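The values are calculated or read from the model by the stated rules, or taken from the named source; none is laboratory data. Computed from a predicted model, the values in this text were never measured in an experiment. Cβ coordinates were reconstructed from backbone atoms using ideal geometry, including for glycine residues, and neighbour counts include every protein chain displayed. Side chains are part of the model used for accessible areas, which takes the heavy atoms of the whole protein and leaves out ligands, DNA and RNA. Shrake-Rupley method; radii C 1.70, N 1.55, O 1.52, S 1.80 Å.
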Amino acid sequence: MTRSITMQAETVEKAVEQALAMLELTLDDVHIEVTQPAGTSLFGFKKVPAEVKVTQIPKEEIAREASTLRIYNGQLETQFNEQSYPIVIPSAGVNLVINDVKTDHRTILLPTDLIVCQAVTEHLAAQFVIKLEENDVIAKACVTPGKKVTHTLADSSWETVLNIQTTEKTQVINELQAENFVEELKALGIENGLCMDAIEKAADTLEAKEFVVAKGIPPVHSKDASLEEHLNFDKEEAEDHERVNYREHNLIPTVQKGQLIAKYIRSVPGTDGKSLLGEVLNVRPPKEIIMRAGHHVENFQNKIYAKIDGRPVIEWRGNLVKIEVNREYRHPDDVNLQSGNIYFDGDVWIGGSVHPSMFVAASGIIQIMKNSTKASIRGTKSIFIQGSIFSSTVTVGIQEKIIGMLVKDLQEVLDYLRNIESALRQIFTLRGELPEEVPPFTLKQAIHLLLEQKYSDFTEVNKQFIQVVKNHSQRLDKEWVALSERLYLLFVDPLREEQTTITYLRHLIEEAEVLLQIYSEEIRPESVLQASFALNSILYSNGNIHILSKGVYNCSITALHDIVIKGVCRGGEVIGGRNITLDETGSSAGVKTTIQTAAAGVVKIGTAHPGTVLQIGNQKYEFFNLRKDVTAKLGSEGTIVIT
C-alpha cells in the first residue's frame with residue numbers, strides 16, 4: 001500500500017523532515033513534490049508557508065529505479081539511473097580517490113565521476129626506547145616490534161549506500177639491527193658494558209619486551225654488624241634457640257650457666273660500583289656494633305654465653321650494646337630494721353613489704369610482693385610492686401639523668417682538652433722540639449702554666465666532672481670511672497708524672513670523644529615502674545609507668561615515655577614524655593590535678609572532673625565542667641584540640 005502526505009512548514013526542508021518523520025521513511029524511500037514554495041502574500045504583509053507532497057515509492061520501483069553500487073572481486077562497481085545517485089562511505093584501510101581527490105568521508109557518486117577504490121597495506125616500523133635504571137648501572141631497551149597490515153576489500157551486495165568494509169591480515173615484523181641499539185647507546189654516552197647477546201635478541205624479537213642491553217658495575221652494599229638475640233632452653237642442643245621478647249615485661253627470661261644468649265654477626269664492607277656513564281657509586285661503610293660483655297657472660301667466637309644462672313640483660317644505646325646476666329637476690333621476708341637495707345648488683349626479689357626508712361637498690365629488676373611504706377626504692381631496669389606505694393620515693397633508670405649531666409660536662413671538658421693539646425704542640429714546635437719527645441716533667445710544667453694563664457676555668461670544670469663520677473660510681477659504667485681516673489692522674493695528681501705525655505693526652509681525647517659519641521645517643525628504654533596504687537609518693541621512670549587498679553592520690557609521677565593509670569588520679573601532677581592514659585582525673589570538689597606531656601604527646605581521660613589541668617607542650621587547658629571520653633592533643637595551629 002502506497003502512503004502519501006502533504007505537509008506545510010516554514011521551509012521546504014522542514015516540511016520534508018516532518019513528513020519523513022511521520023511516515024517513518026527516508027529520502028531514498030519517497031518521491032517529493034513541492035506544491036508551494038515558502039514566500040509572502042501579494043503586498044508582503046503575510047508569510048506563505050512551504051507545502052510539499054511526500055509519496056512512498058513502491059519497493060519494486062525502488063529496486064528498478066535506484067542507482068546502486070557494490071564491491072565484487074576487489075573492484076567497485078556502479079549502476080546509475082536518472083532519478084538518484086548512490087552514496088559511498090570509505091572505512092579504515094580503504095583508499096578512495098574520486099576525480100583525483102582522496103576522500104575519507106560520505107560522498108555522493110555521479111555518473112561522470114572517475115573513481116579509484118583500493119585496499120591499502122600499512123607498515124608500522126619497530127621502535128625501541130632505552131632507559132637507565134638503578135643509578136645508571138643498567139640500560140634497558142624497551143622494544144615494540146613493527147607490523148605489516150594487509151587490507152582486502154570485502155565483497156558486498158548492490159546497495160544505494162555502501163559502507164566499504166575490508167578484511168585485514170597482520171604480520172609482525174622487526175627490521176631493527178643491532179647497530180641501531182649500539183648507536184643509541186653511544187648517543188647516551190654509553191660505550192662500555194654492552195650486552196651484545198641481549199642486543200641481538202632485541203633486534204630479532206617479535207614480542208614487546210625489555211632487554212638489558214648494557215651493564216655497569218653495581219655497588220655491593222655493606223652489611224651492618226648485627227646481634228642475634230637467643231634463648232636456648234635445651235642445654236644439649238646449643239644451636240637450637242628461640243628468640244626472646246625482651247619487651248614483654250610480664251615475662252622475665254632466665255638462662256643457665258653455659259647457655260647461649262646472643263650471637264654477634266660481623267659487618268661486611270661493601271665495594272664501590274661504577275655507572276654506565278662512568279660515575280663512581282660509593283657505598284657507605286658498614287655500621288659497627290660496640291659490644292660490651294659483662295662480668296657474668298663469656299664471649300667465645302662471637303657467641304655470648306652465660307657464666308652463671310640468672311636473667312639475661314641486653315641493653316642498647318646507639319651502636320653500643322651491653323650484655324650481662326644478672327644474678328638474683330631473694331629475700332623472702334619484709335625489709336625492715338632487722339634485715340637492713342638491700343644493695344645488690346643484679347635482680348632483687350622481696351617476698352614481703354618494705355618498711356619505713358628502709359632502702360632497696362639494685363642494678364637489675366626489683367620485685368616486691370607486697371607494699372612499700374615511707375621507703376626509698378631505686379632500680380636500674382624495672383620495678384614491679386604487687387601491692388601499694390605509700391609516701392615512698394620509687395625511681396627507675398634515674399642514672400640516665402646523671403648520664404645526661406655528665407655528657408654535658410664532658411663536652412665542655414673535651415673542648416678544653418683539644419685546646420690544651422693544640423697549645424702544647426704549638427709551644428714545643430716553636431721551641432724546635434717534638435711534642436712526643438718532651439719529658440713528662442717538662443710537659444707537666446707546661447700544662448700547669450697553661451692552666452694558670454690561659455685555661456684557668458678548666459681546673460674547676462674538670463674537678464666537677466671527676467666528683468660527679470665519683471659520687472655516682474656505683475650507678476655508672478666502668479668507662480666513666482676509667483676516664484675520670486685518667487683525668488685525675490694527668491691534671492690533678494701533682495705526684496704522678498709517668499702518664500704525662502702528649503700521646504697519653506691524645507689517647508685521653510680519643511676516649512672522651514668515643515664516650516661522648518656513645519652516650520649522646522638516646523638509650524632504648526624498656527624499663528617500667530608498676531604498682532597497684534600510690535599515695536603521697538614520688539614515682540620516676542626513664543621508660544613507662546603502669547598503675548594497675550586503684551589509681552594514685554597526691555603523687556608526683558614522671559615517665560620519659562608512656563603513663564597508664566587505672567582508677568582515680570586525684571591531686572598532684574602526672575608528667576609523661578609521650579602518651580598518657582587515665583581512667584579518671586580531678587574530683588567533684590575541684591581538686592587540682594595537673595597532666596602534662598610533650599608537644600607530640602596525646603592525653604586520653606575517661607572522666608575529667610573540674611580542677612583537671614592539661615598542659616601539652618607550652619599550651620594549657622583547664623576543665624571547669626565534667627567531661628567524658630576526652631582525647632587531647634595539639635592541633636595544626638599549635639593549640640590544644642579536645643575531642
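Remarks
- When segment 146-157 is limited to residues that are among the hydroxyl-bearing types (Ser, Thr, Tyr) and assigned to a strand (DSSP E or B), the one that is least open to solvent (accessible area, probe 1.4 Å) turns out to be Thr150.
- The criterion of at least 1 residues that are within 30 Å of Arg106 (Cα to Cα) is met, among strands (runs of 3 or more DSSP E) falling completely within segment 158-233, by 161-163, 166-173.
- Unmet criterion (only one of (1) at pLDDT 70 or above; (2) more than 15 Å from Ile304 (Cβ to Cβ); (3) open to solvent by 70 Å² or more (accessible area, probe 1.4 Å)) for Ser275: (3)
- Verdict on Ala600 being open to solvent by 70 Å² or more (accessible area, probe 1.4 Å) and over 23 Å from Tyr553 (Cβ atoms): yes
For (1) over 25 Å from Asp28 (Cα atoms); (2) over 60 Å from the mean Cα position of the chain (by Cα), each residue gets a yes or a no:
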site	(1), (2)
Gly74	yes, yes
Ser84	no, yes
Ser91	no, no
Asp104	no, no
Leu110	no, yes
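- Filtering segment 364-409 to residues that are surrounded by 23 or more Cβ atoms within 10 Å (Cβ to Cβ), more than 18 Å from Gln474 (Cβ to Cβ) and under 34 Å from the mean Cα position of the chain (by Cα) leaves only Ser382.
- Of all residues in segment 596-642, those that are of a type in the set (Lys, Arg) and within 32 Å of the chain's Cα centre (by Cα) total 2.
- The residues listed here are Ala362, Ala423; of these, the one that is free of Cβ contacts under 8 Å to residues at least 40 places away in the same chain, out of contact with any Cys (no Cβ under 7 Å at 6 or more places or on another chain), among the aliphatic types (A, V, I, L, M) and under 30 Å from Leu450 (Cα atoms) is Ala423.
- The number of residues in segment 71-111 being at pLDDT 85 or above, assigned to a strand (DSSP E or B) and either open to solvent by 60 Å² or more (accessible area, probe 1.4 Å) or out of contact with any Asp or Glu (no Cβ under 8 Å at 6 or more places or on another chain) (or both) comes to 16.
- Scan segment 200-221 for residues that are within 29 Å of Asn282 (Cα to Cα) and open to solvent by less than 30 Å² (accessible area, probe 1.4 Å) and the total you get is 4.
- Qualifying residue in segment 396-403 (condition: more than 30 Å from Ile547 (Cα to Cα) and in contact with a helix residue (DSSP H, G or I) (Cβ under 6 Å, 6 or more places away or on another chain)): no
- Boolean, Ile640 is crowded, with 16+ Cβ neighbours inside 10 Å and either at pLDDT 95 or above or closer than 30 Å to Glu315 by Cβ (or both): no
- Residues (more than 41 Å from the chain's Cα centre (by Cα), surrounded by 12 or more Cβ atoms within 10 Å (Cβ to Cβ) and not in a strand (DSSP E or B)) located in segment 112-142: Asp113, Val120, Ala125, Ala126
- Considering (1) open to solvent by less than 40 Å² (accessible area, probe 1.4 Å); (2) closer than 21 Å to Ile389 by Cα, the lone condition that Trp349 does not fulfil carries the number (1).
- Check on Val297, open to solvent by less than 40 Å² (accessible area, probe 1.4 Å), modelled with pLDDT of 90 or more and over 30 Å from Ile217 (Cβ atoms): yes
- When segment 410-451 is filtered for residues that are of a type in the set (Val, Ile, Thr) and either open to solvent by less than 70 Å² (accessible area, probe 1.4 Å) or within 30 Å of Tyr519 (Cα to Cα) (or both), the ones remaining, listed by number, are Val413, Ile420, Ile427, Val438, Thr442, Ile447.
- Enumeration of residues in segment 455-486 that are among the small types (Gly, Ala, Ser) and either in a loop (DSSP other than H, G, I, E, B) or open to solvent by 90 Å² or more (accessible area, probe 1.4 Å) (or both): Ser473
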